[in-house]
Amino acid sequence: MGDKKIRVLVAKPGLNGHDRGAKVVARALRDAGMEVIYTGLHQTPEQIVETAFQEDVNVIGVSILSGAHLTLLPKVVQLLKERSAADILVICGGIIPEDDIQELKKAGIAEVFGPGTPTADIVNYIKSKM
Amino acid sequence: MENIADRILGGDVRAVAQLITLVESESSKAVKALSILHKHAGKAYIIGITGPPGTGKSTLINQIIKEYRKRGKTVGVIAVDPTSPFSGGALLGDRIRMQEHSTDKGVFIRSMGTRGSLGGLAKAANDTIKILDAFGKQIILVETVGVGQAEVEIAKSAHTTVVVEVPGLGDDVQAIKAGILEIGDIFVINKADRDGADKLASELEMMLDIGSTIYSTTQDSTLRAPPKNFRLQSIRKNENVWRPVIIKTIAKDDVGIIELVDAIQKHFEYLKTTGRYEQRVREIAKIEFMEIVKQNIANYIFEKLSKGEIDGFIEKIVTRQLDPYSAADKLLAKFK
């Protein structure tokens, strides 16, 4: 104890049930010294934000493979803004088409890490933002 | 930082979480806020839930939360998971089983890593209990993995300690470590539909050396209700002693939960009617106070020493010029 840890919420919103990627990222972040709160499947944006608040996370990492990213992700960002928590970094991974990345970033998603991204990239990105 | 205390008393969830973070990182900024919140704490009922990994504690806690919410209580949960001693990181996954409560304003759940310091964890947990108490949570559940000394430490902060076991965890009798046996007020045999549940119950009963009533319910049998007058037999003429109760549950099927929460209530009533509740509160306060005093003394002394001085003593100890006790006396002599 005695030092501040980076706390990350790894969440899977919506109907998508494939969580191997999310778990891989969660473990990589843990191995990099972060505290990872993994909340499992089928989370609503409201649940994600409420959990992020209670756990005082620095980062929310959302994993979506179902194609619902353009609805669910901006909703998370919007809820954070409404509740004065825009300081929480929101990143995502999963199946996100190239064309949608710009739109997501405009909506407030800080970075998108698609399939095949080395987990070290995600770790370094988060650390650079803290 | 007075502001954070006010925000907490005003119901701000994020402020609660931020103060817990400060407490976990042992920030001195937390002390002022904790001082303010102290007056507003002391109302919550604290229940420790411990037991080996794989016994279904998180699922059980999820059901306990549900039952307390039905009974009109607000609930705070502290879920502790091990921190990796190598990376310093942790995968905090207890919350997965409790997510149905995540948007219920009457429930606050916080995941905590052990962070490698026995005393540190107990302190962070205690301070967090106080924060949730002041925040207004009436029932506070503290979940730990009961494999170490830390869990026994945390049990000292609880009014009621629940130990969760499951049948078939290797040699049943050996699986129940002595320390845990002594701190348990209520023993839960979860996954009671598995083979060996009755055997485990009798073994537990024998080990506890009591004639406790076993409350069991399966999906087929009818519930055996606790006796209306839950009078405890004295083992000595003038002493009322709580006989640990054994409860069978199947958490994932929501079986045995009402009986468990009723048993916790019975324990609370026992503590109140025998004066043990006030005694426990005093014990808890004393332990906390002494820990803080010790820590302050240590900090005071170490601040006044240079690294060189300490290294000098270590050198003398390693080369056998001084033994550790004499070295400590020499070191402290300057403070006398």
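In a shell of Cβ-Cβ distance under 15 Å around A:E98, excluding A:E98 itself, what net charge do Lys and Arg (+1) and Asp and Glu (-1) give?
Numbers: positive: A:K105, A:K106; negative: A:D99, A:D100, A:E103, A:E111.
That sum, taken over residues with Cβ under 15 Å, equals -2.
Once phi is turned into θ = phi - 60°, what whole-Hz ³J(HN,Hα) does the Karplus curve with 6.51, -1.76 and 1.60 give for every residue of the stretch A:7-15, x standing for Gly and Pro?
My calculation for the stretch A:7-15 gives 10, 10, 9, 9, 10, 10, x, x, 8 Hz in order.
Need the full-extension length gain, B:F86 to B:K70, defined as separation in residues times 0.36 nm minus the C-alpha distance. One decimal, nm.
Values: separation 16, 0.36 × 16 = 5.76 nm, distance 4.23 nm.
Going from the current span to full extension adds 1.5 nm.
Given the DSSP H assignment, sum -39500 (n - 2.57) over each helix run of at least 4 residues in chain A and divide by its residue total; what's the result at 222 nm in deg cm²/dmol, nearest 500? All intermediate terms of the calculation are to be shown ahead of the outcome.
Working: 5 runs with 56 residues, N = 130.
-13000 deg cm²/dmol, from helical runs alone.
Taking square-rooted eigenvalues a ≥ b ≥ c of the alpha carbon gyration tensor, is chain A rounded, prolate or oblate, where a/c under 1.5 means rounded and, failing that, a/b exceeding b/c means prolate? Don't jump to the answer; show the numbers that get you there.
Numbers: a/c = 1.39, a/b = 1.17, b/c = 1.19.
Judged from the Cα gyration tensor, chain A comes out rounded (a/c under 1.5).
Of B:D94, A:D3, how do they rank once you tally other Cβ atoms within 10 Å and put the fewest first? Present the calculation step by step, with values, prior to reporting the outcome.
Working: B:D94 23, A:D3 10.
Ranking B:D94, A:D3 by Cβ neighbours within 10 Å, fewest first, gives A:D3, B:D94.
On a straight-distance basis, which aspartates and glutamates could pair with B:K307 in a cross-link, Cα separation under 16 angstrom, same-chain partners fewer than 8 positions away excluded?
B:E315
State, as an integer percentage, the relative contact order of chain A based on alpha-carbon contacts under 8 Å between residues 6 or more apart. Don't skip to the end; give the middle numbers.
Details: 206 pairs, mean separation 33.4, N = 130.
It comes to 26 percent, rounded to a whole number.
Scan the stretch B:32-114 for chymotrypsin sites (Phe, Trp or Tyr not before Pro) in coil per DSSP, keeping those whose Cβ has at most 10 other Cβ atoms within 10 Å, and list them by number. Please list the in-between numbers first.
Details: sites: B:Y45, B:Y68, B:F86, B:F108; in loops: B:F86.
When the chymotrypsin sites (Phe, Trp or Tyr not before Pro) of the stretch B:32-114 are filtered for loop state and at most 10 Cβ neighbours within 10 Å, B:F86 remain.
Could you list which residues have their amide H under 5 Å from that of B:V77, counting only those 5 or more apart in sequence or on another chain, with H placed in the peptide plane?
Under 5 Å from the amide H of B:V77: B:F108, B:I109, B:R110, B:L141.
Amide H neighbours of B:T249 under 5 Å, at least 5 residues apart or on other chains, H built in the peptide plane: list them.
The answer is B:I189, B:N190, B:K191, B:A192.
Can you compute the modelled spin-label distance between B:L331 and A:R20, with each label point 7 Å from Cα toward Cβ, in nm?
5.3
Under 12 Å from the Cβ of B:D94, count the other residues' Cβ atoms, weight Lys and Arg +1, Asp and Glu -1, and hand me the total.
Net charge around B:D94: +1.
Provide the percentage of antiparallel DSSP beta bridges, counting only those with both residues in the protein assembly as shown; round to the nearest 5.
Around 5 percent of the beta bridges assigned by DSSP in the protein assembly as shown are antiparallel ones.
So if R0 is 56 Å, what FRET efficiency would A:D121 and B:R243 give, r being the distance between their Cβ atoms, rounded to the nearest 0.05? Before the final figure, lay out each step's value.
Details: r = 58 Å, r/R0 = 1.04.
Efficiency for this residue pair is about 0.45.
About the Cα centre, and with charges only on the beta carbon of Lys, Arg (+1) and Asp, Glu (-1), how big is the dipole of the protein assembly as shown? Nearest 20 debye, please.
Values: 62 positive and 59 negative charges, 248 e Å.
So the magnitude is around 1200 debye.
Which value, in debye to the nearest 20, describes the size of the charge dipole of the stretch B:243-336 about its Cα centre when Lys and Arg Cβ atoms bear +1, Asp and Glu Cβ atoms bear -1, and nothing else is charged? Working shown, then result.
On the way: 17 positive and 15 negative charges, 76 e Å.
Using only the charged Cβ atoms, the result is roughly 360 debye.
Just rank B:S28, A:S63, B:S157, fewest to most, by other beta-carbon atoms within 10 angstrom.
Details: B:S28 8, A:S63 25, B:S157 22.
In increasing order of surrounding Cβ atoms, one gets B:S28, B:S157, A:S63.
Quick one: which residues, 5+ away or cross-chain, put their amide H under 5 Å from the amide H of B:I49? H built at 1.01 Å from N.
Amide H neighbours of B:I49: B:V142, B:E143, B:T144, B:V162.
How much FRET efficiency would the formula 1/(1 + (r/R0)^6) give for B:I301 and A:K4, where r is the Cβ-Cβ distance and R0 is 22 Å, rounded to 0.05? Kindly include the intermediate steps, with their values, before the conclusion.
Values: r = 26 Å, r/R0 = 1.16.
Given R0 = 22 Å and the Cβ-Cβ separation, E is 0.30.
From the square roots a ≥ b ≥ c of the eigenvalues of the alpha-carbon gyration tensor of the protein assembly as shown, which class results: rounded (a/c under 1.5), prolate (a/b over b/c), or oblate? It would help to have the intermediate numbers written out before the result.
Values: a/c = 1.73, a/b = 1.14, b/c = 1.52.
Since a/c reaches 1.5 but b/c is at least a/b, the shape of the protein assembly as shown is classed as oblate.
Sort B:E205, A:E50, B:E182 so that the residue with the fewest other Cβ atoms within 10 Å of its own Cβ comes first and the one with the most comes last. Mind dumping the intermediate values first?
Details: B:E205 17, A:E50 24, B:E182 13.
Ordered from fewest to most neighbouring Cβ atoms within 10 Å, B:E205, A:E50, B:E182 come out as B:E182, B:E205, A:E50.
Rounded if a/c is under 1.5, else prolate if a/b beats b/c, else oblate: with a ≥ b ≥ c from the C-alpha gyration tensor eigenvalues square-rooted, which is the stretch B:84-139?
Oblate is the answer for the stretch B:84-139, as a/c is 1.5 or above yet b/c matches or exceeds a/b.
Which entries of B:K73/B:K191; B:K32/B:K156; B:K266/B:K294; B:K294/B:K334; A:K5/B:K73 show an alpha-carbon separation above 29 angstrom in the structure shown?
Numbers: B:K73/B:K191 26 Å; B:K32/B:K156 25 Å; B:K266/B:K294 36 Å; B:K294/B:K334 18 Å; A:K5/B:K73 32 Å.
Cα-Cα > 29 Å for B:K266/B:K294; A:K5/B:K73; rest within.
Read the figures in this text as sums done on the coordinates, not as results from a lab. A quick note: this is a predicted structure, and the numbers were derived from the prediction, not measured. Cβ atoms come from the backbone with ideal geometry, glycine included; neighbour counts cover every protein chain shown.
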